[in-house]
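The values are calculated or read from the model by the stated rules, or taken from the named source; none is laboratory data. Owing to the predicted nature of the structure, the values given are computational and were not obtained by experimental measurement. Ideal geometry is used to build each Cβ from the backbone, glycine not excepted, and the neighbour counts take in all protein chains shown. Only protein heavy atoms, including side chains, enter the accessible area calculation; ligands, DNA and RNA are left aside. Shrake-Rupley method; radii C 1.70, N 1.55, O 1.52, S 1.80 Å.
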Amino acid sequence: MSTLLGRRVLLRPLTRQDFAAWQQVRRRNRERLTRWEPQAVAGRPDNAEDQRAFADRCNARRRERQHGTGYGFGVFVNKSFRGEMNLSAIQRGPFQSCYVGYWIDEAVAGNGYTPEALVVVARFAFEELALHRLQVAIVPRNTSSLRVVEKLGLRYEGLAERYLEINGVWEDHHRFAMTAEEWRMRSEELTARWVAPRQVAAHPASSRRG
């Protein structure tokens, strides 16, 4: 089971044992998150309310990892579940690409956990999976998600009209991307800023003996 470490966040695949924590966070963020997600399929159990449905979701993500088509991670802060960061639709052959989707608990939003987790998963995608391209698609009015890619300086590729069904509506999406070449140029900067432990300079007085 892949575990990825950042400066303050830990990313690992969710298991059925995470249901209670996942349920609590999803319930608290339900109204905010469903605005940015595909409409629930009628008659299908709600993952946040049905433990078996959640277990099935975890099993589906496990099969994706086994086949190399997707890697889903829970985002943990101080050992508490706080959101998700997912690599999906991985294509090999001449594409070598993936999409990234993410969300964070509103209770801890604005602390830089999501951009940190995105840098961690980008390093995984480029350096361990050897992918060539990472893409993020965001509804234009989702300002919180847009701030994440803006903080990392992901390259903007334009507006895709009626790109994806979101909450029952075909929504336009801004598209952002990073390639392996860009990662090699920027990895040191991004890692130093978001992932590597901060170096604390010793106070001059600390070396004095009294």
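Of note:
- For segment 94-112, a tally of residues being closer than 17 Å to Thr179 by Cα and open to solvent by 50 Å² or more (accessible area, probe 1.4 Å) returns 3.
- For segment 23-40, residues that are in contact with a Leu (Cβ under 8 Å, 6 or more places away or on another chain) and not in a helix (DSSP H, G or I) total 1.
- As for segment 168-183, it holds no residue that is touching a residue at least 60 places away in the same chain (Cβ under 8 Å), open to solvent by less than 50 Å² (accessible area, probe 1.4 Å) and closer than 24 Å to Val108 by Cβ.
- Answer from Ala60, Ala20 - the residue that is closer than 26 Å to Ala125 by Cα, without any contact (Cβ under 8 Å) to a residue 12 or more places away in the chain and not in a strand (DSSP E or B): Ala60
Quick grid of which residues meet (1) among the aliphatic types (A, V, I, L, M); (2) under 17 Å from Leu190 (Cα atoms); (3) touching a residue at least 12 places away in the same chain (Cβ under 8 Å):
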| residue | (1), (2), (3) |
| --- | --- |
| Trp103 | no, no, yes |
| Leu118 | yes, yes, yes |
| Leu159 | yes, no, yes |
| Leu164 | yes, no, yes |
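- Residues satisfying the stated conditions in segment 21-55, i.e. within 18 Å of the chain's Cα centre (by Cα) and either within 23 Å of Tyr163 (Cβ to Cβ) or β-branched (Val, Ile, Thr) (or both): Val25, Arg32, Leu33, Thr34, Arg35, Trp36, Glu37, Pro38
- When segment 13-23 is filtered for residues that are open to solvent by 30 Å² or more (accessible area, probe 1.4 Å), out of contact with any Phe, Trp or Tyr (no Cβ under 6 Å at 6 or more places or on another chain) and under 29 Å from Thr191 (Cβ atoms), only Thr15 remains.
- Matching residues, segment 136-149, being surrounded by 13 or more Cβ atoms within 10 Å (Cβ to Cβ) and either touching a residue at least 24 places away in the same chain (Cβ under 8 Å) or touching a Phe, Trp or Tyr at 6+ places or on another chain (Cβ under 9 Å) (or both): Val136, Ala137, Ile138, Val139, Asn142, Ser144, Ser145, Leu146, Val148, Val149
- Residues located in segment 24-62, provided they are touching a helix residue (DSSP H, G or I) at 6+ places or on another chain (Cβ under 8 Å), surrounded by fewer than 17 Cβ atoms within 10 Å (Cβ to Cβ) and of a type in the set (S, T, N, Q): Gln51
- Some residue of segment 155-165 being assigned to a strand (DSSP E or B), of a type in the set (Lys, Arg) and either loosely packed, with under 11 Cβ neighbours inside 10 Å or in contact with a Gly (Cβ under 6 Å, 6 or more places away or on another chain) (or both): yes
- For segment 115-155, the set of residues classified as under 21 Å from Gln91 (Cα atoms) and not hydrophobic (A, V, I, L, M, F, W, C) consists of Arg123, Glu127, Glu128, His132, Arg133, Gln135, Arg155, listed by residue number.
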